[in-house]
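Peer 1: Pasting a structure here, questions to come.
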Amino acid sequence: MAETKLAVVVGGGISGLACAFRLHVLGVPVMVLEADERAGGLLGTSAKDGFLFESGPQSFQGTDSLLDLVRELGIESELLQANPQAPRFVLRHGKPQKIPMSPPAMLSSSLLSLGSRLKIASEPLRRTKPPSEEESVARFVRRKFGHEILEYLVAPFVSGVYAGDPEKLSLKAAFPTLDEWEREYGSVLRGAMKSRSKKSSGPPPLCSFEGGIDTLTRAMAGKLGSKVRAGARVKAIGKVAAEKGTAPYEIVFDELGQELRTSAHAVILACPAYVASHIVDELSSPLAHTLSGIAYAPVAVVAAGYYKQQISQTLEGFGVLVPRSEKYRVLGTSFVGGATDQEIIERTDEEIASIVHQENSRILGITGNPVVTAVWKHPKALPQYNLGHGHIVETLKNAERELPGLYFSGNYLEGPSIGKCTDHSFQTAEAVRDYFRSWT
């Protein structure tokens with residue numbers, strides 16, 4: 001009798017749950033081993049004194065695949081979609097100003113000087129070529145548009161998405177579409193216009209759920225049921241000399257104070273790269289070294305609740321991003337840290353909450369103390385797609401080819417957004433399904 005093929009997913013965050021759920025739908029036996037006592041990873045929602053706070057991401061873009069997943073999970077009635085016309089803000093000279101969300105809006109925005117607006121207007125008329133060497137985001141923007149646009153539009157956006165340093169982030173790894181547009185069209189704006197003309201709809205809506213963003217991960221974990229084993233910390237993966245058709249991997253993990261072992265025909269590492277590095281050390285030291293080379297930025301998320309009358313400047317929109325030149329420590333409302341301020345994560349919760357409250361009070365005209373405050377510190381929150389990251393990803397793809405049945409899935413591969421993580425996890429699940437089929 002043929003041995004039942006089992007896929008083991010290491011990590012129960014958004015990537016691991018999405019991969020496991022897709023495997024389950026495809027009919028592949030799957031087990032999720034999650035080190036924490038709850039699945040969901042950085043996606044977490046807390047109710048406190050009548051407020052609903054997010055401990056990690058505050059929302060997600062409703063891509064087609066994510067909206068399909070929401071419907072498949074039966075939670076569409078709980079979905080909330082933001083007004084697509086609601087503005088975003090950036091701080092300039094101490095005051096929040098609306099971020100122009102299109103080239104025409106940029107040309108009329110008071111956020112930018114006349115010189116910067118002229119650079120935007122003339123960019124489609126100029127044809128440029130990228131340099132032969134890998135380019136940072138900061139160098140690219142300065143070369144194409146100048147320092148002001150880097151400082152007040154791009155760098156804050158980079159902080160919001162990657163909590164990163166644009167001087168170190170690789171353009172090709174972090175924003176590959178911009179690199180492709182310049183290579184193909186000689187102009188990023190001309191490339192954007194050509195790309196938009198091929199699409200019938202606008203950008204995906206910004207979404208959450210009535211009960212908070214972790215509705216998504218809770219729903220997937222609920223569908224998987226006992227297939228998710230929380231509190232199971234994987235220590236190592238080994239390759240065994242297996243006969244054809246038998247499980248080639250052995251996983252060692254701790255659960256309830258016991259060291260356990262399980263065999264797996266496929267292993268999907270959906271945990272952070274620095275965790276995966278330790279797990280694969282016995283399997284391949286060079287692979288472990290590659291994974292350990294991915295840097296992570298720390299982030300502290302601060303939630304604060306106020307009475308409406310405490311806030312003099314009410315902004316109808318989606319938060320305020322804060323350029324480093326404004327001399328504030330908050331990256332936006334309300335998170336601090338990132339690659340450019342790693343020290344702050346060492347402060348106490350009380351110190352971090354005080355810094356954020358004082359700065360938000362200046363930005364929004366808040367009087368008095370918050371009704372309630374909560375702080376979540378994530379020492380290694382977001383992977384950094386720094387210069388050389390593309391080579392790391394290619395090395396991991398080579399490892400998947402050299403070690404059949406081993407797969408990587410996570411926010412350090414194709415983007416940190418919930419949509420990117422989900423899409424990559426679905427692709428990984430389908431690759432595992434095809435791999436299992438090849439054995440029959």
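Each reported figure results from applying straightforward, stated rules to the coordinates on display, with no laboratory input. Keep in mind that what you see is a predicted model, and the values were worked out from it rather than measured. Quick reminder, even Gly has a Cβ in these numbers, built from the backbone with ideal geometry, and neighbours come from all protein chains shown.
Peer 1: Which chymotrypsin sites (Phe, Trp or Tyr not before Pro) in the range 328-390 pass both tests, a DSSP loop state and at most 14 other beta-carbon atoms within 10 Å? Before the final figure, lay out the partial values.
Peer 2: Values: sites: Tyr328, Phe335, Trp376, Tyr385; in loops: Tyr328, Tyr385.
Qualifying residues, ordered by number: none.
Peer 1: From Cα pairs below 8 angstrom and at least 6 apart in sequence, can you work out the relative contact order of the range 99-197, rounded to a whole percent?
Peer 2: For the range 99-197, the relative contact order is 29 percent.
Peer 1: For a quick check: with amide H placed at 1.01 Å from N, whose amide H comes under 5 Å from Thr45's, ignoring anything fewer than 5 positions away on the same chain?
Peer 2: Long-range HN contacts for Thr45: Ser55, Asp214.
Peer 1: Pick out the long, greasy-scoring helices in the chain: whole DSSP H runs spanning 18 Å or more along their own axis by Cα, mean Kyte-Doolittle at least -1.0. Intermediate values should be presented prior to the final figure.
Peer 2: Numbers: long enough: 349-364 (22 Å, -0.44); 389-402 (20 Å, -1.11); 418-437 (29 Å, -0.68).
Within the chain the helices that satisfy the rule are 349-364, 418-437.
Peer 1: Would you list His147, His389, His93 from fewest to most Cβ contacts within 10 Å? Walk me through the numbers on the way to the answer.
Peer 2: Numbers: His147 13, His389 23, His93 6.
Listing His147, His389, His93 from fewest to most nearby Cβ atoms yields His93, His147, His389.
Peer 1: Would you list Thr314, Thr333 from fewest to most Cβ contacts within 10 Å?
Peer 2: Listing Thr314, Thr333 from fewest to most nearby Cβ atoms yields Thr314, Thr333.
Peer 1: Just to be sure I follow: if Rg is taken over the C-alpha atoms of the chain and Rh is the Kirkwood radius over the same atoms, what is Rg/Rh?
Peer 2: With Rh from the inverse mean 1/r over Cα pairs, Rg/Rh is 0.98.
Peer 1: Right, something else. Just subtract the alpha-carbon distance of Ala47 and Arg401 from 0.36 nm times their residue separation and send over the number in nm, one decimal. Present the calculation step by step, with values, prior to reporting the outcome.
Peer 2: Details: separation 354, 0.36 × 354 = 127.44 nm, distance 4.47 nm.
Additional length available on full extension: 123.0 nm.
Peer 1: Okay, moving on. Could you tell me the ratio Rg/Rh of the range 1-149? Both radii from Cα atoms, Rh via Kirkwood.
Peer 2: 1.11
Peer 1: Something else now. Per-residue ellipticity at 222 nm for the chain, helices alone: DSSP H runs ≥ 4 residues times -39500 (n - 2.57), over residue total, nearest 500 deg cm²/dmol?
Peer 2: Values: 15 runs with 152 residues, N = 440.
That calculation yields -10000 deg cm²/dmol at 222 nm.
Peer 1: Just to be sure I understand: of the beta bridges DSSP finds with both ends in the chain, what percent are antiparallel, rounded to 5? Working shown, then result.
Peer 2: Details: 45 of 61 bridges.
Expressed as a percentage, antiparallel bridges in the chain total about 75.
Peer 1: What pairs in Lys95/Lys168; Lys239/Lys377; Lys95/Lys144; Lys235/Lys420; Lys119/Lys172 have C-alpha atoms more than 24 Å from each other? Could the numbers behind the result be given before it?
Peer 2: Values: Lys95/Lys168 28 Å; Lys239/Lys377 36 Å; Lys95/Lys144 27 Å; Lys235/Lys420 27 Å; Lys119/Lys172 22 Å.
Beyond 24 Å between Cα atoms: Lys95/Lys168; Lys239/Lys377; Lys95/Lys144; Lys235/Lys420.
Peer 1: Report the longest stretch of the chain that contains none of the trypsin sites (Lys or Arg not before Pro) sitting in a DSSP loop with at most 12 other Cβ atoms within 10 Å. Could the numbers behind the result be given before it?
Peer 2: Details: sites that count: Arg126, Arg127, Lys198, Lys199, Lys244, Lys327.
The answer is 1-125.
Peer 1: When only Cα pairs under 8 Å and 6 or more residues apart are kept, what is the percent relative contact order across the chain?
Peer 2: Numbers: 827 pairs, mean separation 108.8, N = 440.
Relative contact order of the chain: 25 percent.
Peer 1: With 10 angstrom as the radius, rank Val90, Val267 by how many other C-beta atoms surround their C-beta, starting from the fewest.
Peer 2: Val90, Val267
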